[in-house]
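The values are calculated or read from the model by the stated rules, or taken from the named source; none is laboratory data. Please read all numbers here as calculations on a predicted model, not as lab measurements. Here the Cβ is made from the backbone with ideal geometry for all residues, glycine too, and neighbour counts use every protein chain on show. Only protein heavy atoms, including side chains, enter the accessible area calculation; ligands, DNA and RNA are left aside. Shrake-Rupley method; radii C 1.70, N 1.55, O 1.52, S 1.80 Å.
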Amino acid sequence: MIRRLDLPDTAGAVDGSGLLHAPSADRNREAILEALLPRLPRQGDVLELASGTGQHIAALAAHRPDLSFHPTEPDPERRAAIDARCRGLSNVAPAGDVDACTPGWSLEGTAEAVMVVNLLHLISDAEMSVLLDEAVRVLSPGGLLAIYGPFLRGGVATSPGDLTFDASLRAQDSAIGFKEVEVVETVLVAMGLEVERIAMPANNLMIIGRVPTLPGF
């Protein structure tokens, strides 16, 4: 499902190179790289859900030429923009037409890592349940699920800015809004993942879920 929302950081602008651009991706790029680079697998495939402008997957792919990166995006215009941004990065596949909130996409294959950046607050609880279930299904043993974004802690926004942003989302669609980090972590643990929480700049969090490695591996 593609929602057209009025967001404070709309990814519809273009940068000096004519590429689709989200200013927030520039602001949080280094923090995300710092958190993810040492945790990514030594080899294999990294899948990004809802890649948007492609800024994050392009940055990661440039730092890890030994990994194969697979952006996805249900919006055809954004898929074209992702491919344009990642042109020249031989370890990035063409953007796939995947709606992460639709059941069944995990049947397409497996990955050593799945990343989701700034998406959970833009989808409903039911859609999040599908996304998490499908993402865990696609992970290989030892695989990593990385979720970045703003969250409620104990049901409460942690800053006036977060409170305002959450309220604006719910005003546009009562089904969406900030998710409680404890709920997301509980769901991941129930799915068998080992969970790590990383504090990030601007009150954001990175939730890392890792599939335990099979005995003998």
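Of Ser68, Ser140, which has the most accessible area and how do the rest follow, probe 1.4 Å?
Of Ser68, Ser140, the descending order of accessible area is Ser68, Ser140.
Return the label of the correct value of Cα extents along the principal axes in Å, as calculated from the structure shown, out of (1) 47, 43, 31; (2) 68, 48, 28; (3) 84, 36, 25.
Checked against the structure: label (1).
Please turn the phi angles of region 127-137 into ³J(HN,Hα) values with the Karplus equation 6.51 cos²θ - 1.76 cosθ + 1.60 (θ = phi - 60°), one per residue in order, whole Hz, x for glycine and proline.
Taking θ as phi minus 60°, the curve returns 5, 4, 4, 5, 4, 5, 4, 5, 5, 5, 4 Hz for region 127-137.
What's the extension gain from Ala126 to Glu182 if we count 0.36 nm per residue and subtract their Cα-Cα distance?
Difference between extended and current length: 18.5 nm.
Name the residues whose placed amide hydrogens come within less than 5 Å of the amide hydrogen of Ala22, ignoring near sequence neighbours (fewer than 5 apart) on the same chain.
Residues meeting the criterion, in which the H sits 1.01 Å from N, do not exist here.
What is the extension gain from Arg4 to Ala202, computed as 0.36 nm multiplied by their sequence separation minus the C-alpha to C-alpha distance, in nm to one decimal?
68.8 nm
Just subtract the alpha-carbon distance of Ser90 and Arg170 from 0.36 nm times their residue separation and send over the number in nm, one decimal. Walk me through the intermediate numbers first.
On the way: separation 80, 0.36 × 80 = 28.80 nm, distance 4.01 nm.
My answer for the length gained is 24.8 nm.
First select every other residue whose beta carbon is under 14 angstrom from the beta carbon of Ile207; then total the charges, Lys and Arg +1, Asp and Glu -1.
Local charge sum for Ile207: 0.
In what order, largest first, do Asp166, Asp99, Asp26 sit by accessible area if the probe radius is 1.4 Å?
So the residues, ranked largest to smallest area, are Asp26, Asp99, Asp166.
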